[in-house]
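The values are calculated or read from the model by the stated rules, or taken from the named source; none is laboratory data. Since we're looking at a predicted model, the values are computed, not measured. Here the Cβ positions follow ideal geometry from the backbone for every residue, glycine too, while neighbour counts run over all protein chains shown.
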Amino acid sequence: MALTWSDAEAADFWDGYVDFTRLVQARRRALAPADARTRNWYEPIFVRLDPATADTRTRLRDLVDDPDQPFVMDPEEYARLAHRIEGTAPWVDLPDDYALFRALGTPDGAEGGLWSMLDRGPAVDLDPAPAPAPTPEAAASAPAPAGRAPIVAVIDDGIGFLNRRFRRTDGTRERTRFHAVWLQSDERMQTDAADSRRASTGRVLTRADIDALLDRDALDESTCYGRLNADLCGRGAHRSVEMSASHGTLILDLAAGADPHDAGDPARDWPLLAVQLPPEAIEDTSGTHFESYLVRAVRWCLARAHELGSERPVIINVSLGMLAGPKDGTGFAEYQIASEVAAWERATGQPVRVVHSFGNAYRTRQVAEIGYPAEKARSDTDRTILWRAQPGDLTPSFVEISCEGADCDGLEVALSAPGTAPDIAPVPQGAWRTLRRDGAEIARIYHVPTRSYPDGTMRHSRYVLALAPTEGMKAGEPACPSGGWSITTRYRDGAAASVHLQVQRDDSLPGYRPLGRQSYFDATDAYGWDAETRDNSAPGPDSAITRNGTHSSLVTASSRQILSVGAARQSAETGTPYPARYTAAGSDWSVPGPTLSAIAEEGTALQGVIASGTLSESAAALNGTSAAAARVSRALARSATHVGAAARDDADGRIQKEVRAARQAIPSDSARLGTVTIDPGAGARRRRDPVPD
């Protein structure tokens with residue numbers, strides 16, 4: 001086994017995660033049994049027109065309409081561009097940001113200098129799309145109830161939109177509360193004459209479409225989901241709504257579910273929106289595939305909410321996350337979502353809140369911190385930490401390394417396979433070093449360059465370390481050794497520095513194929529006594545491994561429209577909220593903690609809260625900050641008249657007013673629970689009677 005590191009090489013890549021994942025996937029496709037399908041590879045890109053003028057908008061429309069050009073739009077984005085060209089409100093007051101697809105290999109600038117690049121995603125195969133199965137014809141659906149009732153939207157995986165918890169009765173029949181549902185799937189090129197230049201990302205079901213399904217004499221929810229999935233899902237794709245419990249259904253029930261006949265429950269009259277992300281994007285827990293889908297989902301929710309009236313507050317629940325990232329508000333998804341919702345509020349006056357789960361990685365050993373004091377001799381600055389790659393991991397593993405508030409030009413990094421010595425060498429921005437095993441690439445060090453967003457926001461350079469899977473999916477696939485890989489850092493600058501290392505999420509979700517196995521940091525000083533779990537699992541006070549900064553990388557944008565939620569465990573005896581064992585912690589280099597928290601555990605033994613399973617009249621338990629976020633979404637909706645009204649208050653006071661319909665307590669650990677812990681007192685089915693006030 002010959003292991004050889006290359007010298008640093010200048011390379012054309014946008015993102016280390018995307019580039020290395022593409023390398024692994026291309027290598028697999030080339031191995032027997034070879035994939036014989038004809039592929040039509042495009043990459044998703046987000047752009048901002050520069051300059052944003054009537055001329056550049058028209059040129060963009062002509063570009064994506066021209067069959068000889070390598071650029072394609074999906075129908076939703078094309079409609080957005082058309083509104084902008086026509087000067088239609090509110091689109092005329094929004095930034096000229098658009099999602100497109102361009103043929104893989106198309107160089108930057110091929111569009112003629114129309115835009116600034118915001119982000120590039122992993123390649124997608126735009127196969128020709130077959131005509132979707134028809135939806136049964138239906139009589140005109142009843143409109144959403146008039147008034148200022150809030151709109152609750154959920155972006156998630158596996159949303160059982162036919163469930164009775166998401167209906168209301170009109171006196172004689174049960175009608176859906178959904179205004180629309182977007183069932184996203186892998187993109188396909190639409191082949192009908194009218195839309196020959198559109199990339200379809202799944203299918204949108206309107207209120208009338210769903211009511212048509214409900215009007216069937218013998219509605220079988222499972223059969224309906226199965227037929228839709230047969231049209232939408234690729235070969236081997238996970239089908240969450242064909243399982244007894246699905247994450248999105250549980251989340252939506254906690255956030256907005258109601259008995260369709262209970263006129264006393266205000267949630268019964270809340271209009272709903274939902275986006276079910278592609279299973280392929282959810283399955284990859286590193287977040288490599290899901291950022292562009294998530295941003296487009298938020299844009300779609302806002303556009304659909306506008307159809308219901310801008311006087312209604314919009315609550316968007318995002319109980320998804322990934323761990324590693326800049327965690328300073330400059331990651332693409334969090335930056336773009338915060339920008340989109342702030343611009344939407346300014347243009348429409350419609351209050352928007354995006355509710356994120358804070359993260360569950362408090363005890364997973366995925367974050368480390370190395371400090372370099374200014375006075376320390378630089379000849380003594382080499383530091384090493386162990387990164388354990390587990391055997392049987394069928395997916396790539398990643399570590400992200402950043403310098404707090406600065407570029408990484410003064411930092412050098414080495415990655416050493418088990419049993420080998422470090423080989424430290426400079427890697428300039430925009431370059432990589434590759435480790436080859438008998439000639440095949442099995443690891444890479446990327447120095448991702450500094451980039452600026454069009455508004456001047458700076459995303460500092462960072463290192464991304466990538467390992468190939470430790471086990472191949474196909475015979476002959478190169479694999480990297482499992483075990484303890486050493487990461488060595490050397491800091492050559494004279495100023496003090498704080499270096500943050502984060503292992504990206506890489507686990508396998510319940511119900512999905514067991515592909516990823518989570519890698520983690522390890523050290524001899526990371527086995528101190530943990531008083532809560534009563535074992536030796538706590539990092540020591542001098543350990544580089546830390547539980548601070550273990551939160552999701554989607555929650556650090558500084559915007560009053562963005563909330564993050566931790567999970568609390570309620571004492572069975574006193575009702576006092578304590579952090580759930582898993583709920584993440586903030587840090588002094590990122591955000592100090594979640595915005596607030598909600599009860600997600602009713603005791604040590606009573607884990608999770610009860611909500612609806614996929615099918616009507618079923619039930620399942622759900623815990624985690626995902627469940628807590630959904631409960632905060634319900635509390636915001638129940639206090640909808642106060643959402644946005646307290647905009648001038650300080651952050652803590654505003655939040656407490658916006659969830660005033662919920663029971664509130666001041667937690668003892670703000671780094672994990674935020675400024676207030678709430679119990680909405682509705683939605684979740686209780687495991688026991690609540691503790692009296």
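Quick check on segment 585-601. Is at least one of its residues surrounded by 24 or more Cβ atoms within 10 Å (Cβ to Cβ) and free of Cβ contacts under 8 Å to residues at least 40 places away in the same chain?
yes
Filter segment 480-502 down to the residues that are in a strand (DSSP E or B) and under 25 Å from Ala2 (Cβ atoms) and list them by number.
Kept after step one, since they are in a strand (DSSP E or B), are these residues of segment 480-502: 483-491, 497-502.
Selection gives Gly483, Gly484, Trp485, Ser486, Ile487, Thr488.
What's the number of the condition Val413 fails, among (1) in contact with an Asp or Glu (Cβ under 8 Å, 6 or more places away or on another chain); (2) modelled with pLDDT of 95 or more?
(1)
Take Gly456 and decide whether it is in a loop (DSSP other than H, G, I, E, B), without any contact (Cβ under 8 Å) to a residue 24 or more places away in the chain and over 19 Å from Ala414 (Cα atoms).
On the way: in a loop (DSSP other than H, G, I, E, B): yes; without any contact (Cβ under 8 Å) to a residue 24 or more places away in the chain: yes; over 19 Å from Ala414 (Cα atoms): yes.
Against the criterion (in a loop (DSSP other than H, G, I, E, B), without any contact (Cβ under 8 Å) to a residue 24 or more places away in the chain and over 19 Å from Ala414 (Cα atoms)), Gly456 qualifies.
Quick one: in segment 10-45, of everything that is aromatic (Phe, Trp, Tyr) and under 18 Å from Pro449 (Cα atoms), which residue is surrounded by the fewest Cβ atoms within 10 Å (Cβ to Cβ)?
Trp14
Here's a check for you: in segment 88-103, which residue that is part of a strand (DSSP E or B), touching a Leu at 6+ places or on another chain (Cβ under 9 Å) and not aliphatic (A, V, I, L, M) is nearest to Ala343 (Cα to Cα)?
Taking the candidates together, the pick is Asp97.
Test of understanding: among Thr395, Thr450, which residue is within 28 Å of Gly483 (Cα to Cα) and of a type outside the set (A, V, I, L, M)?
Working: Thr450 fails: within 28 Å of Gly483 (Cα to Cα).
Just a single option satisfies the conditions, and that option is Thr395.
Mind counting the residues in segment 399-423 that are within 26 Å of Thr470 (Cβ to Cβ) and part of a loop (DSSP other than H, G, I, E, B)?
Count: 7.
Looking at (1) of a type outside the set (D, E, K, R); (2) in contact with an Asp or Glu (Cβ under 8 Å, 6 or more places away or on another chain); (3) closer than 19 Å to Thr4 by Cα, which is the one condition that is false for Leu394?
All conditions pass for Leu394, except number (3).
Is one or more of the residues making up segment 521-543 within 23 Å of the chain's Cα centre (by Cα), among the acidic types (Asp, Glu) and in the same structural domain as Glu404 (by TED's automatic domain parsing)?
Scanning segment 521-543, I find no residue that is within 23 Å of the chain's Cα centre (by Cα), among the acidic types (Asp, Glu) and in the same structural domain as Glu404 (by TED's automatic domain parsing), so the answer is no.
Are any residues in segment 639-676 at pLDDT 90 or above and either buried (at least 24 other Cβ atoms within 10 Å of the Cβ) or assigned to a strand (DSSP E or B) (or both), and if so, which ones?
Arg672, Leu673, Gly674
Within segment 210-324, which helices (runs of 4 or more DSSP H) (wholly inside it) include 2 or more residues that are of a type in the set (S, T, N, Q)?
Ranges flagged: 221-232.
Please verify whether Phe332 is outside the structural domain of Glu400 (by TED's automatic domain parsing) and surrounded by 24 or more Cβ atoms within 10 Å (Cβ to Cβ), treating the condition exactly as stated. So that I can check it myself, show each step before the final result.
Numbers: outside the structural domain of Glu400 (by TED's automatic domain parsing): yes; surrounded by 24 or more Cβ atoms within 10 Å (Cβ to Cβ): no.
Judged against the criteria, Phe332 is not a match.
If only one of Pro75, Pro67, Pro33 is out of contact with any Pro (no Cβ under 6 Å at 6 or more places or on another chain) and not assigned by TED's automatic domain parsing to the domain that holds Glu111, which one is it? It would help to see each step written out before you state the result.
Details: Pro75 fails: not assigned by TED's automatic domain parsing to the domain that holds Glu111; Pro67 fails: not assigned by TED's automatic domain parsing to the domain that holds Glu111.
Only one candidate passes the filter, namely Pro33.
Can you give me the number of residues within segment 25-58 that are closer than 24 Å to Thr201 by Cα and not polar (S, T, N, Q)?
The total comes to 16.
Can you pull out every residue in segment 1-15 that is more than 15 Å from Ala421 (Cβ to Cβ) and either part of a strand (DSSP E or B) or in contact with a Ser or Thr (Cβ under 9 Å, 6 or more places away or on another chain) (or both)?
Across segment 1-15, the qualifying residues are Ser6, Glu9, Ala10, Asp15.
What are the residues in segment 426-443 that are in a loop (DSSP other than H, G, I, E, B) and either of a type in the set (A, V, I, L, M) or not assigned by TED's automatic domain parsing to the domain that holds Arg492 (or both), if any?
Taking segment 426-443 and keeping what is in a loop (DSSP other than H, G, I, E, B), we get 426-430, 438-439.
Correct list: Val427 only.
Has segment 67-87 got at least one residue that is modelled with pLDDT of 95 or more, touching a strand residue (DSSP E or B) at 6+ places or on another chain (Cβ under 7 Å), surrounded by 20 or more Cβ atoms within 10 Å (Cβ to Cβ) and assigned to a loop (DSSP other than H, G, I, E, B)?
Within segment 67-87, not a single residue is modelled with pLDDT of 95 or more, touching a strand residue (DSSP E or B) at 6+ places or on another chain (Cβ under 7 Å), surrounded by 20 or more Cβ atoms within 10 Å (Cβ to Cβ) and assigned to a loop (DSSP other than H, G, I, E, B).
Give the residue that is modelled with the lowest pLDDT, with candidates limited to residues of segment 358-384 that are farther than 29 Å from Ser597 by Cβ and in a strand (DSSP E or B). Write out each step before concluding.
Initial filter on segment 358-384 (farther than 29 Å from Ser597 by Cβ): 370-384.
Checking which are in a strand (DSSP E or B) leaves us with 370-372, 383-384.
On the way: Ile370: 95, Gly371: 92, Tyr372: 89, Arg383: 93, Thr384: 96.
Among them, the one singled out is Tyr372.
Assess whether Pro278 counts as being buried (at least 23 other Cβ atoms within 10 Å of the Cβ), modelled with pLDDT under 95 and more than 30 Å from Ala406 (Cβ to Cβ). Talk me through it step by step, then tell me what you get.
Values: buried (at least 23 other Cβ atoms within 10 Å of the Cβ): yes; modelled with pLDDT under 95: yes; more than 30 Å from Ala406 (Cβ to Cβ): yes.
Against the criterion (buried (at least 23 other Cβ atoms within 10 Å of the Cβ), modelled with pLDDT under 95 and more than 30 Å from Ala406 (Cβ to Cβ)), Pro278 qualifies.
Pick from segment 508-529 the residues that are in contact (Cβ under 8 Å) with a residue 24 or more places away in the chain and in a strand (DSSP E or B): which of them is nearest to Ala368 (Cα to Cα)?
The qualifying residue nearest to Ala368 (Cα to Cα) is Phe521.
Which residues, counting only those in segment 602-617, are in contact with a strand residue (DSSP E or B) (Cβ under 8 Å, 6 or more places away or on another chain), of a type in the set (S, T, N, Q) and surrounded by 24 or more Cβ atoms within 10 Å (Cβ to Cβ)? Lay out the reasoning, then the answer.
Initially, segment 602-617 is screened for residues in contact with a strand residue (DSSP E or B) (Cβ under 8 Å, 6 or more places away or on another chain), giving 602-604, 607-613.
Filter once more, keeping what is of a type in the set (S, T, N, Q): 604, 607, 612.
Hit for segment 602-617 is Ser612, nothing else.
Filtering segment 114-149 down to residues that are over 30 Å from Arg177 (Cα atoms) and in a loop (DSSP other than H, G, I, E, B), which residue is modelled with the lowest pLDDT? Steps first, please.
Within segment 114-149, the subset over 30 Å from Arg177 (Cα atoms) is 114-128.
Narrowing the set further to residues that are in a loop (DSSP other than H, G, I, E, B) leaves 114, 121-123, 126.
Numbers: Leu114: 96, Gly121: 94, Pro122: 93, Ala123: 93, Leu126: 90.
By that ranking, first place goes to Leu126.
Count, please, the residues in segment 46-62 that happen to be out of contact with any Lys or Arg (no Cβ under 9 Å at 6 or more places or on another chain), surrounded by 14 or more Cβ atoms within 10 Å (Cβ to Cβ), of a type outside the set (A, V, I, L, M, F, W, C) and modelled with pLDDT of 95 or more.
4
Ser286 passes all but one of (1) in contact with a strand residue (DSSP E or B) (Cβ under 7 Å, 6 or more places away or on another chain); (2) closer than 19 Å to His179 by Cβ; which number fails?
Of (1) in contact with a strand residue (DSSP E or B) (Cβ under 7 Å, 6 or more places away or on another chain); (2) closer than 19 Å to His179 by Cβ, only one is false for Ser286: (2).
Here is a check on your reading of the model: is Tyr42 at pLDDT 90 or above and under 24 Å from Leu273 (Cα atoms)? Working first, answer last.
Working: at pLDDT 90 or above: yes; under 24 Å from Leu273 (Cα atoms): no.
No.
Taking segment 341-352 as the search range and keeping residues that are buried (at least 21 other Cβ atoms within 10 Å of the Cβ) and under 21 Å from the mean Cα position of the chain (by Cα), which one is farthest from Ser552 (Cα to Cα)?
Trp344
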